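See below for the structure under consideration.
The values are calculated or read from the model by the stated rules, or taken from the named source; none is laboratory data. Computed from a prediction, not measured in an experiment: that's the story for all the values here. Backbone-built Cβ (ideal geometry, glycine too); neighbour counts: all protein chains shown.
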Amino acid sequence: MDALRALHELSQLTAVQWGLVTTAQAGRCGVSRLYLSRLAEAGHLERMGQGVYRAAAVPADRYESLKAAWLSIDPKLTAAERLRPAVPDAVVSGPASAFLHGVGDLVPEPYEFTVASRRQTQRKELRFRVRQLPADSVTLREGLPVTTVEQTITDLIEAHTDLSLVAGVLADAPSADRARLAELLQVSAPRDRLASGRAFLDHLESLARPVRQEA
């Protein structure tokens, strides 16, 4: 396979996958790891992380490292294949979800993904949360599956995130479904000595007011 043919094959993926391609996906197209390395050395590709490359002609974006991390979780399948289920195999969650939604002021790394079954990784930039997410707690943002703002706020509280930071997320999300959020917060309310999910939401709202005023 010559360079032009290899680049053509890869472009079929990068064109619909944020300019990114994994080593395993390239292998499915007949492009070997060695050829990928040669294309990178020639300046046609840029290595993004473990087994993920970006087409050099595609401009970088602020979410590309998160997208590369998500692709690397199941590198053989394309983004389109993994997005077919109502709840994909790995869903951006926690601080990384807030980052993707553009709310709050949380450090997104290490990137957290919610998965349905246990996964092991030694990569410090990834973290997995194992549980079954309902379909109505998952949405798409920048082409990635991500927990809704309401689920994200709930997850941050369950992870014992400083409530002032959670309030900042809420302050940046005026369109969040308050009724749904109160319902989700019902589980955490007793732990925080609040009477109900609605009471918890009211507490977060009271914390969010100073954040809005400072903004």
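Where the second residue is among the polar types (S, T, N, Q) and in a helix (DSSP H, G or I) and the first is surrounded by 19 or more Cβ atoms within 10 Å (Cβ to Cβ) and at pLDDT 95 or above and lies in region 81-102, which pairs have Cβ atoms under 7 Å and are six or more apart or on separate chains?
Taking only residues 6 or more apart or on different chains, the pairs are Ser93/Thr152; Ser97/Thr152; Ala98/Thr152; His101/Thr152.
Check Ala60 against each of (1) over 14 Å from the mean Cα position of the chain (by Cα); (2) touching a residue at least 12 places away in the same chain (Cβ under 8 Å) and name the one condition it does not meet.
(2)
Which residue out of Ala79, Ala86, Ala135, Ala116 is under 17 Å from the mean Cα position of the chain (by Cα) and under 16 Å from Thr14 (Cβ atoms)?
Working: Ala86 fails: under 16 Å from Thr14 (Cβ atoms); Ala135 fails: under 16 Å from Thr14 (Cβ atoms); Ala116 fails: under 16 Å from Thr14 (Cβ atoms).
Answer to the check: Ala79.
Taking the condition of being under 21 Å from Leu66 (Cα atoms) and of a type in the set (D, E, K, R), how many residues in region 139-171 meet it?
Final tally of qualifying residues: 4.
Considering each residue of region 91-136, count those that are touching a helix residue (DSSP H, G or I) at 6+ places or on another chain (Cβ under 8 Å), of a type in the set (A, V, I, L, M, F, W, C) and assigned to a loop (DSSP other than H, G, I, E, B), and give that number.
Result for region 91-136: 4.
Among the listed residues Thr161, Thr139, Thr152, identify the single one that is under 17 Å from Phe99 (Cβ atoms) and either part of a helix (DSSP H, G or I) or of a type in the set (A, V, I, L, M) (or both). Working first, answer last.
Values: Thr161 fails: either part of a helix (DSSP H, G or I) or of a type in the set (A, V, I, L, M) (or both); Thr139 fails: either part of a helix (DSSP H, G or I) or of a type in the set (A, V, I, L, M) (or both).
Of Thr161, Thr139, Thr152, the one residue that is under 17 Å from Phe99 (Cβ atoms) and either part of a helix (DSSP H, G or I) or of a type in the set (A, V, I, L, M) (or both) is Thr152.
Residues being in contact with a Leu (Cβ under 7 Å, 6 or more places away or on another chain), under 22 Å from Pro145 (Cα atoms) and outside any helix (DSSP H, G or I): count how many of those fall in region 52-70.
Of the residues in region 52-70, 4 are in contact with a Leu (Cβ under 7 Å, 6 or more places away or on another chain), under 22 Å from Pro145 (Cα atoms) and outside any helix (DSSP H, G or I).
Quickly run through region 40-51 and pick out the residues that are in a helix (DSSP H, G or I) and either of a type in the set (A, V, I, L, M, F, W, C) or within 24 Å of the chain's Cα centre (by Cα) (or both).
Selection gives Ala40 alone.
Any idea which residue in region 20-39 is surrounded by the most Cβ atoms within 10 Å (Cβ to Cβ), counting only those that are out of contact with any Asp or Glu (no Cβ under 8 Å at 6 or more places or on another chain) and not in a helix (DSSP H, G or I)?
This residue is Val21.
Among the residues of region 1-11, write down those that are over 17 Å from Ala68 (Cα atoms), in contact (Cβ under 8 Å) with a residue 12 or more places away in the chain and part of a helix (DSSP H, G or I).
Listed by number, the residues that qualify are Ala3, Ala6, Leu7, Glu9.
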